[in-house]
1. Among (1) crowded, with 17+ Cβ neighbours inside 10 Å; (2) modelled with pLDDT of 90 or more; (3) not in a strand (DSSP E or B); (4) not hydroxyl-bearing (Ser, Thr, Tyr), where does Gln91 come up short?
2. Find the residue count for the range 1-16, including only residues that are over 16 Å from Lys112 (Cα atoms) and either assigned to a loop (DSSP other than H, G, I, E, B) or at pLDDT 90 or above (or both).
3. Hey, could you check the range 94-112 for residues that are under 20 Å from Cys10 (Cβ atoms) and over 13 Å from the mean Cα position of the chain (by Cα) and say which is surrounded by the most Cβ atoms within 10 Å (Cβ to Cβ)?
4. Taking the range 34-81, which residues are under 23 Å from Glu128 (Cβ atoms) and touching a Ser or Thr at 6+ places or on another chain (Cβ under 6 Å)?
5. Which numbered condition in (1) in contact (Cβ under 8 Å) with a residue 12 or more places away in the chain; (2) at positive phi is the only one that His122 fails?
6. Mind checking which pairs have a first residue in the range 44-59 that is under 17 Å from Ile78 (Cα atoms) and a second that is of a type in the set (D, E, K, R) and surrounded by 12 or more Cβ atoms within 10 Å (Cβ to Cβ), Cβ under 7 Å, 6 or more apart or different chains?
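The values are calculated or read from the model by the stated rules, or taken from the named source; none is laboratory data. This structure is a prediction, so every number in the text was calculated from the model and none was measured. A quick note on method: Cβ atoms are made from the backbone with ideal geometry, for glycine too, and the neighbour counts reach across all protein chains shown.
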Amino acid sequence: MQKCDECTLCCKLLEIPETESKPNEWCKHCDNGCSIYQDRPDGCREFECAWLQMDNVGIEMRPDKCGVIFEKFADTVIMGVTDGYVSYRVQGQIEAFKRENISVVMMDHSKKKKDYFFANGHNKEYVEKEINDSTFLH
């Protein structure tokens, strides 16, 4: 299993109500790691990005290296959260997900928009339903 190590991108890109963290702003507790790690709230404690869950993905896809946090919302839907540029490696990963019949929703906080990359047979309604019905939600 992978480890976060120096990666703290979730402390910037995700909204964590318990810490009053807003998307695309660094959490006030993140300073070279989490200053409240032992007492961090459940929203932080329970979150596990897709990179941590995958065994055969290289370090270059760790969120702080590729600039995207992928999160599994269903067996056929993954969301990627970014604050800007999507690299060719991330584009390649999106294509790999699609080949595995997994649709990807990319949320760009800097532009406040979503881009959809559908696997064969999927559409926006299907993907949104899978996200809303998700048992993978943290």
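1. Just one mismatch for Gln91, condition (1).
2. Qualifying residue count for the region: 11.
3. Phe97
4. Val68, Phe73, Ala74, Val77
5. His122 satisfies all of (1) in contact (Cβ under 8 Å) with a residue 12 or more places away in the chain; (2) at positive phi except (2).
6. Every condition considered, the pairs that remain are Cys49/Glu71; Ala50/Glu71; Ala50/Lys72; Trp51/Arg62; Gln53/Lys72.
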